[in-house]
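One structure below.
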Amino acid sequence: MKKILFLCTGNSCRSQMAEGWADKLLAPNYKAFSAGTKPGILDPRAVKVMAEAGVDISGHRAKGAEEFKDVAFDLVVTVCDNARETCPVWFGKSKKLHQSFEDPPFLAKSAASEEEALAHYRRVRDQIKEFVKNMPATLEAMK
């Protein structure tokens with residue numbers, strides 16, 4: 001079983017969505033984890049839009065990258081530019097991949113309504129799903 005870590009800054013939204021999608025779409029061949037360089041709290045809107053898509057991440061919690069310093073990952077995926085710049089060096093020989101996604105909480109700040117805010121989350125959720133669905137081919141191409 002290959003291990004994938006999705007890394008972002010707060011581990012509150014994008015990396016949590018990616019972990020949820022990977023667990024749903026790639027199991028049992030892959031095990032997903034997520035962490036943040038400066039972990040915050042799990043975003044309730046992320047939980048809501050993932051549940052709409054049939055993926056329950058309500059039991060997740062924000063975790064710091066240091067929790068995984070002794071885990072040998074096959075792949076570490078940074079999902080925001082800030083995490084890419086600060087990705088811990090101790091991920092050693094893990095293959096690294098960067099795929100930046102827009103930050104739904106930031107986009108939602110200017111939303112005129114809750115529905116408009118959730119639309120940002122849904123769009124990014126769907127983009128992450130497509131990215132995760134293609135990860136086995138991406139990993140194969142990285143060999």
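Each reported figure results from applying straightforward, stated rules to the coordinates on display, with no laboratory input. Quantities reported herein were computed from a predicted structural model and do not represent experimental measurements. Here Cβ is always computed from backbone atoms with ideal geometry, including for glycine, and neighbour counts include all displayed protein chains.
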>> Please compute the length gained on full extension between residue 61 and residue 137, using 0.36 nm multiplied by the number of residues separating them and subtracting their Cα-Cα distance.
In response: 24.5 nm
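Taking a ≥ b ≥ c as the square roots of the Cα gyration tensor eigenvalues, with a/c under 1.5 meaning rounded and otherwise prolate when a/b beats b/c, else oblate, which class fits the stretch 2-141?
Working: a/c = 1.79, a/b = 1.44, b/c = 1.25.
Verdict is prolate for the stretch 2-141.
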>> Just want the ordering: 131, 6, 106, from fewest to most Cβ atoms lying within 10 Å of their own Cβ.
In response: 106, 131, 6
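State to the nearest 20 debye the size of the charge dipole of the chain about its Cα centre, where the only charges are +1 on K and R beta carbons and -1 on D and E beta carbons.
Here the size comes out at about 440 debye.
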>> Which residue fluctuates most in the GNM of the chain (Cα springs below 10 Å): 124, 55, 77?
In response: 55
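What percent does the relative contact order of the stretch 2-141 come to when contacts are Cα pairs within less than 8 Å and at least six residues apart?
With pairs under 8 Å counted, the relative contact order is 28 percent.
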